[in-house]
Amino acid sequence: MFSRDRWQEIFQTISKNKLRTFLTGFAVALGIFIFVVLVGFGNGLKNTFQEFFLDDATNTLFLFAGKTTKPYKGFKSNRFIQWENSDLDDIKKNFPMFLQYITPRITRGAFVKYKNESNNYTTRAVSPGHQYVEKTIMMKGRYLNQYDIENRTKNVVIGRLVAKDLFKDEDPIGKYIDMGDIAWKVVGVFQDDGGDNEERYIYLSYTTRQLIEKNNDKLGQIIVAFKPELGHQGGLAFERSLSKFLKDKKNIAPDDQGGIFIRNVADQLKQNQQFATVLQWIFGTIAIGTLIFGMIGVGTIMLFVVKERTKELGIRKALGATPKSVINMVLQEAVFITTIAGYVGMFLGIGVLSGIKDSLDEYFIKNPYIGMGTAIFATILLILFGALAGFIPARRAARIKPIEALRDE
């Protein structure tokens with residue numbers, strides 16, 4: 001294996017057959033390269049699904065009010081449903097064994113000013129439980145609390161980018177911003193792993209928003225978090241019970257799909273993870289197929305290599321070379337070429353994935369990657385098959401009698 005003469009002979013053979021060597025190496029490198037990239041894309045796709053859902057709590061139900069599509073109990077169809085404070089109270093009263101927390105959400109746009117700085121932002125009127133829904137991370141100050149709800153305070157919590165836009169390097173805590181001709185006190189600054197858009201929100205008490213809007217009791221959405229110990233099936237059962245309860249209360253037909261809509265984040269997450277896994281398997285299957293074609297390509301090339309060298313091998317045997325030495329020579333050459341080409345393809349593929357990073361976000365592929373163990377395993381597998389591809393025709397050639405090999409054209 002480590003014979004100096006053997007290695008000199010291998011390098012001489014390679015230098016005399018550059019095209020053949022290139023084609024063999026290219027088949028190996030391309031197979032590994034495509035395998036690494038496709039597996040990386042599959043993982044990147046899964047990253048996208050996970051990031052989209054895991055930015056928010058997954059044990060949550062988002063309740064949306066819509067328009068009925070069927071008449072029911074004397075009520076006509078096309079009736080708009082409106083959430084109210086009483087709906088919050090009734091859910092708390094009737095489902096205490098399921099609830100972890102509950103919060104309304106009223107979304108509005110607002111023009112906000114501080115000194116000479118101003119901009120348009122989206123405001124969300126919520127209750128303290130909303131912090132856990134969005135997994136909001138407090139950077140400074142505090143989040144809204146029960147005191148803000150009960151006393152309808154004019155306190156706000158602003159996103160990191162809102163603070164950056166309006167206050168620059170100034171500490172915003174305790175300062176007042178002008179929003180809707182009302183002065184609001186900043187009591188906290190938050191950040192959110194969901195990205196820049198999530199950090200441009202302003203949170204205030206939902207009771208304060210209702211007070212400003214003619215002291216009504218209307219709500220935009222209701223967000224309910226069920227206890228994590230209920231699990232996926234328990235969450236689905238809670239969703240069904242809650243849907244039935246609200247439809248009965250709002251006089252909506254049981255089979256009416258338009259009156260209210262419940263988005264179960266846990267169920268959506270599971271379905272999308274399953275979908276992402278299927279796509280990942282598809283990518284993986286194509287990648288393995290590419291790897292197999294690379295193996296076939298190496299085997300085909302090695303078959304022609306040995307056939308081309310039949311006469312040469314015959315001369316070697318006539319001069320006293322043993323079948324074992326003939327096989328080892330061909331095998332060593334095949335392993336050497338596939339090893340070099342395999343690792344070149346592997347590192348090129350990893351380099352491409354590292355260079356992509358977030359550039360394919362618009363195609364739902366985020367931070368594509370491949371585990372180093374997977375990449376090395378695939379490379380070693382292709383090297384082994386390259387050795388096997390060289391061994392089979394070499395063994396056949398080693399069995400040919402010298403006189404027959406010398407007659408080969």
## Note on the structure
In the range 32-89, residues that are modelled with pLDDT of 85 or more, open to solvent by 10 Å² or more (accessible area, probe 1.4 Å) and of a type in the set (D, E, K, R) total 7
#### Entry: Filter result for the condition that a residue is touching a residue at least 60 places away in the same chain (Cβ under 8 Å) and over 30 Å from the mean Cα position of the chain (by Cα), over ILE149, ILE177
ILE177
### Query
Do any strands (runs of 3 or more DSSP E) lying entirely in the range 111-228 carry at least 1 residues that are open to solvent by less than 30 Å² (accessible area, probe 1.4 Å) and touching a Pro at 6+ places or on another chain (Cβ under 7 Å), and which ones are they?
117-126, 155-159, 182-191, 221-226
### Residue ID - modelled with the lowest pLDDT, chosen from residues in the range 101-118 that are touching a helix residue (DSSP H, G or I) at 6+ places or on another chain (Cβ under 9 Å) and more than 12 Å from ASP178 (Cβ to Cβ)
TYR101
### Summary
Within the range 219-249, residues in contact (Cβ under 8 Å) with a residue 40 or more places away in the chain and either closer than 30 Å to ASP165 by Cβ or among the acidic types (Asp, Glu) (or both) come out as LEU219, GLY220, GLN221, ILE223, GLU239
### Query
Does ILE149 meet the test of being among the aliphatic types (A, V, I, L, M) and modelled with pLDDT under 95?
no
### Selected residue (criterion: least open to solvent (accessible area, probe 1.4 Å)) from residues of the range 360-385 that are at pLDDT below 70, part of a helix (DSSP H, G or I) and not aromatic (Phe, Trp, Tyr)
ASP361
### Query
Can you name every residue in the range 241-256 that is under 23 Å from SER77 (Cβ atoms), assigned to a helix (DSSP H, G or I) and open to solvent by 40 Å² or more (accessible area, probe 1.4 Å)?
LYS244, PHE245, ASP248, LYS249
### Query
Going by the structure shown, is GLN280 modelled with pLDDT under 70, under 29 Å from PHE98 (Cβ atoms) and under 36 Å from the mean Cα position of the chain (by Cα)?
no
### Message
Just to be sure before I move on: is THR103 farther than 23 Å from PRO228 by Cβ and in contact with a Ser or Thr (Cβ under 8 Å, 6 or more places away or on another chain) in the structure I sent?
### Response
no
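The values are calculated or read from the model by the stated rules, or taken from the named source; none is laboratory data. Because the structure is predicted, anything quoted here is derived from the model rather than measured. So basically every Cβ, Gly included, is an ideal-geometry build from the backbone, and we count neighbours across all protein chains shown. Surface accessibility is based on the protein's heavy atoms, side chains included, excluding ligands, DNA and RNA. Shrake-Rupley method; radii C 1.70, N 1.55, O 1.52, S 1.80 Å.
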